1. Distance from the Cα centre of the range 1-63 to that of the range 70-145, in angstrom?
2. What is the chain's relative contact order, in percent, from Cα pairs under 8 angstrom and six or more apart in sequence?
3. Quickly rank 83-94, 34-45 as a protection proxy: mean count of other C-beta atoms within 10 Å, highest first.
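Derivation of every value follows stated rules applied to the coordinates shown; laboratory data play no part. Since the structure is predicted, the reported quantities are computational estimates derived from the model, not experimental observations. Here Cβ is always computed from backbone atoms with ideal geometry, including for glycine, and neighbour counts include all displayed protein chains.
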Amino acid sequence: MTLPLRAHGICFAYDGVDVLHDVDAALEPGVVTAIVGANGSGKSTLAEILAGVREPRAGRVERSGDVALVVQRAAVPEALPLTVREVAQMGTWRRRLPRREARVRAEAALGRVGLGDLARRSFHALSGGQRQRALIAQGIAQDAPVMILDEPAAGLDAESRARVRRILADEAARGRAIGWVTHDEEDIRAADRLIHLADGRRVA
C-alpha cells in the first residue's frame with residue numbers, strides 16, 4: 001500500500017539542542033494516529049515537520065499529496081474580525097479556488113463539524129469547542145489526503161473533546177489519514193495507532 005505520508009530518520013534541533021533523534025513515522029489512509037509523549041518530547045515539532053512547516057536537520061519526509069495542519073485556536077488573533085465561514089474558507093487558499101467554489105467547500109466542511117448554522121457568526125463569539133471545530137473545518141476544506149492536528153482539544157471540556165474525537169473518526173472513515181498530537185488518555189484510547197515519543201526518540 002502506498003502511504004500518503006512517511007518519514008525516515010527525522011532529526012531536529014533548536015539552537016543546537018537536539019529535539020528529535022532518528023524518528024520514523026507514517027500516517028495511513030483511514031487511520032487515526034495519536035502522536036503522544038510528555039511535554040517537551042518533540043510532539044509538536046514532529047507534527048510541523050510532517051506537515052512541511054519545518055525542515056528536518058536530517059532525514060526525509062515523503063508526501064504523496066497535500067497535508068492540512070490544524071493548530072490550536074489561539075492561531076486566529078482577536079484583532080481579525082472573521083466569520084466562522086471565513087475561517088473555514090482559509091483552508092481553500094492554497095488551491096486558489098474560485099470564490100464561489102471555496103465558499104461551497106467551506107460551508108460543506110462546517111456542516112461536517114456541526115457548525116453549518118453558525119457560518120455567519122463571528123468566530124470569536126463562539127465557545128472554545130466551537131472555535132476548535134471551526135479550525136478543524138478549515139483543515140477539512142483543504143481536501144488534503146492527510147490532516148495533522150496539534151492538540152485540537154486542548155482546554156476543552158469532556159463533551160467537546162468527545163465531539164472532536166468523533167469528527168476525526170468520521171474523517172478517517174472517509175479515507176483521510178489523521179495525525180493527532182495529544183496527551184489525553186481518552187484521546188489515546190480512541191486512536192487506531194500510536195507514535196510515542198520520549199526525549200525526542202520514538203519508543204512505540
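1. Each part reduced to its Cα centre gives a spacing of 26 Å.
2. Values: 421 pairs, mean separation 69.0, N = 204.
That works out to 34 percent.
3. Details: 83-94: 21.5, 34-45: 19.8.
Those peptides, ordered most packed to least, come out 83-94, 34-45.
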